[in-house]
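See below for the structure under consideration.
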Amino acid sequence: MKKRTAFVGAASAAALAVLPLAGTASAVEYTVTTESAPHRGDRCTYANSCAGSASFVHDGDHLLVWDNAADGHSVVVEYERSDENGTDYLRAWNYYGKYHRLDANMNIPEDGWISYRVCLGEYGSRKVLKDTCSAFNWEEAD
């Protein structure tokens, strides 16, 4: 597995740090790695052979987002978490392409929770393709 940092350039770093977290005070750190094969996470995008998948790892509070297909779409996870109050979902976008995994290190309080679903989307316009979204998965942070 090759590892590369998500902060490829100053513009990329600013986009990653600001766009998925607009309106939130929680700090999330992002890392991108390259995988050698598709991955079926705890949730898969709907009706497209798991073109995108996501899992929450309790140890360290990591939300992992995989792009499993060269289909021209980004993979996005829409989520809510116990330490955030808002009227819209927070989003973590994986726009790096096939076989790339985005690791969002969440740092959720120990008595907290996260509820998330994985979808395909268009990163440029930030449009989530709602008909591709999985069911929500609710998990305690531990």
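The values are calculated or read from the model by the stated rules, or taken from the named source; none is laboratory data. Just so it is clear, the model here is predicted, and its values are computed rather than measured. All Cβ positions, glycine included, derive from the backbone under ideal geometry; neighbour counts span all protein chains shown.
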Q: Return the residue satisfying two criteria in turn: it lies in the range 31-63 and is surrounded by fewer than 21 Cβ atoms within 10 Å (Cβ to Cβ) and within 10 Å of the chain's Cα centre (by Cα), and of such residues it is farthest from LEU129 (Cα to Cα).
A: HIS62
Q. If we keep just the residues of the range 64-76 that are in a loop (DSSP other than H, G, I, E, B) and under 14 Å from the mean Cα position of the chain (by Cα), which is nearest to ALA104 (Cα to Cα)?
A. ASN68
**Q.** Pick from the range 86-142, criterion of a type in the set (Gly, Ala, Ser) and part of a strand (DSSP E or B), ranking: farthest from TRP66 (Cα to Cα)
**A.** SER115
Q) Which residue, of GLU139, GLU110, is touching a Ser or Thr at 6+ places or on another chain (Cβ under 9 Å), over 18 Å from GLU35 (Cβ atoms) and not hydrophobic (A, V, I, L, M, F, W, C)? A) GLU139
Q. Being more than 13 Å from the chain's Cα centre (by Cα), surrounded by 16 or more Cβ atoms within 10 Å (Cβ to Cβ), at pLDDT 95 or above and not basic (Lys, Arg), is that true of even one residue in the range 118-130?
A. yes
Q.
Restricting to the range 25-52, and then to whatever is hydrophobic (A, V, I, L, M, F, W, C) and in contact (Cβ under 8 Å) with a residue 60 or more places away in the chain, can you tell me which residue is farthest from ASN68 (Cα to Cα)?
A. ALA27
Q) Does SER74 meet the test of being crowded, with 18+ Cβ neighbours inside 10 Å, over 17 Å from VAL128 (Cα atoms) and either at pLDDT 95 or above or in contact with a helix residue (DSSP H, G or I) (Cβ under 6 Å, 6 or more places away or on another chain) (or both)? A) no
(Q) Return the residues of the range 109-137 that are of a type in the set (A, V, I, L, M, F, W, C) and farther than 19 Å from TRP93 by Cα; say none if nothing qualifies. (A) TRP113
(Q) Being buried (at least 20 other Cβ atoms within 10 Å of the Cβ) and closer than 18 Å to TYR30 by Cα is true for just one of ASN107, ASN94. Which residue is that? (A) ASN94
Q: Assess whether SER82 counts as being more than 22 Å from SER36 (Cβ to Cβ) and among the polar types (S, T, N, Q).
A: yes
